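The values are calculated or read from the model by the stated rules, or taken from the named source; none is laboratory data. Treat the numbers as computed from the prediction; the structure is a model and nothing was measured. All Cβ positions, even for glycine, are placed from backbone atoms using ideal geometry, and neighbour counts span all protein chains on display. All accessible areas refer to the heavy atoms of the entire protein, side chains included, with ligands and DNA or RNA removed. Shrake-Rupley method; radii C 1.70, N 1.55, O 1.52, S 1.80 Å.
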Amino acid sequence: MNEAKFNVVDLVELQLIENAISARLSEIGEVKNNKEQVSAREEFERAKDNFDKINSEYAGLESSRKKLEDTVELQNEKIKTNNNKLFSGTITSAKELENYQEEIKILKQKNSEMEDRILEIMIEMEERIERVKLARVERDKAEENVNRINNEVSEKIEVLKNIAEGLKKRRESVTLRIPDDYLKKYKELKDKKGGIAVAVLKDNICNICNMQIPTIAAEGIEDIDKVYRCPLCGRMAVMHRDELDAIKKELES
Ligand SMILES: [Zn+2]
């Protein structure tokens, strides 16, 4: 490899930044795949359907009652008109008189049946009103819960996205400090080796493949400013220094 002068720490930092970006992006994926949110939405749908059903049944009763009352009112007016006719003194035939009396009788009978039905409906509504109220409270509660969770999820995603954006900016500036041929190698290895191109050697152990470097190879690893190659996993490797732990800790926080 070209021995261009650069701080090999930057290479490790690039790797650590990219690890942190992946971790944040997968956290965003997990937050989006929130089970609590899915079940809260289902619960709200259920509570809403339940309320709509109970409420529309109640509204149906109310509309039947209203119709019956309007009819009773019309029939009362008709009875009144017929009574006025009866006592107006304008009726001359017995047949006509009988017809009016018969019609009044039928109307009164109908009204009485309708009044009974109205009363039944009112009792039924009275029995159902509590269920309607309860279903509304449940629906509202479920909706509030969905909104709360939605807000929490958006906030979490917003925070994670901001962190990821910050990391991407940091990656840009680190990338500028690394020579092109190392960057090229980095990308190549990253694609080939499951996203990890750079390893750190500490006490002759590669922190990625977790294996002890054979003694002969290890003897040649002595320059802290040099980029080596792990003889076991083939990744680029640099010697450990405390600075790397500090960078890792900072990126993970
Ligand atoms: Zn290795």
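Quick notes
- Neighbours by Cβ (under 6 Å, 6+ apart or cross-chain): first from region 196-222, within 20 Å of residue 186 (Cβ to Cβ) and within 12 Å of the ligand (Cβ to nearest atom); second open to solvent by 40 Å² or more (accessible area, probe 1.4 Å) and part of a strand (DSSP E or B): 201/239
- Of the helices (runs of 4 or more DSSP H) lying entirely inside region 135-253, the ones with 3 or more residues being under 18 Å from residue 11 (Cβ atoms) and open to solvent by 90 Å² or more (accessible area, probe 1.4 Å) are found at 180-192, 242-252.
- Candidate set: region 1-57, residues that are β-branched (Val, Ile, Thr) and under 28 Å from the mean Cα position of the chain (by Cα); chosen: the one surrounded by the fewest Cβ atoms within 10 Å (Cβ to Cβ): 38
- Residue 121 vs. criteria within 30 Å of residue 53 (Cβ to Cβ) and surrounded by 12 or more Cβ atoms within 10 Å (Cβ to Cβ): yes
- Taken over region 85-100, the residue count meeting the criterion of being touching a helix residue (DSSP H, G or I) at 6+ places or on another chain (Cβ under 7 Å) and open to solvent by 70 Å² or more (accessible area, probe 1.4 Å) is 1.
- For residue 72, the criteria (1) open to solvent by less than 90 Å² (accessible area, probe 1.4 Å); (2) assigned to a loop (DSSP other than H, G, I, E, B) hold in every case but one, which is (2).
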